[in-house]
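Bear in mind these aren't lab numbers, they're just calculated from the coordinates by the rules spelled out. Quick caveat, the model's predicted, so the values are computed rather than measured. Counting neighbours? That spans all protein chains shown, and the Cβs are built from the backbone with ideal geometry, glycine included.
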Amino acid sequence: MRAEDDADAALMALLGTPCATRAGMLCLVRHLRWFAAEEAPNAASHGDAWAIAHAREADLSRCLGVEPVQRPPLALPSGRLIGPTINLRPAPTPARLGRVIETAGEFLAAVAIIGGGCVLTGLASLR
């Protein structure tokens with residue numbers, strides 16, 4: 001029981017540690033995917049840490065642009081479960097038109113922010 005408590009405390013400490021680099025994020029995604037595959041039979045004993053680990057893995061995967069893991073395991077004829085395959089290739093990029101629209105939206109937002117700042121600065125400098 002003490003070993004499980006220590007493991008859960010270490011997991012919570014790991015989940016609370018921010019990633020400083022993209023490589024660190026990728027390593028954490030790999031580790032959390034390994035953890036999910038290995039500890040699936042003991043998911044209930046981990047409590048909230050299990051759900052937090054899945055949420056953190058999903059957030060980092062989305063941030064990195066890697067494909068999310070499909071969670072349903074594959075059952076062999078022997079009854080043994082095989083975890084899902086980990087695919088760390090970047091997710092497919094959206095169509096070119098989508099990228100153009102996304103870039104145009106970012107440009108318009110930047111113009112609105114800069115223009116609004118200029119107007120507010122001008123109004124603040126009036127006497």
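Observations on the structure shown:
- Ranked by how many other beta carbons lie within 10 Å on average, peptides 101-109, 4-12, 45-53 from highest: 45-53, 4-12, 101-109
- Order of E57, E38 under a 10 Å beta carbon neighbour criterion, fewest first: E38, E57
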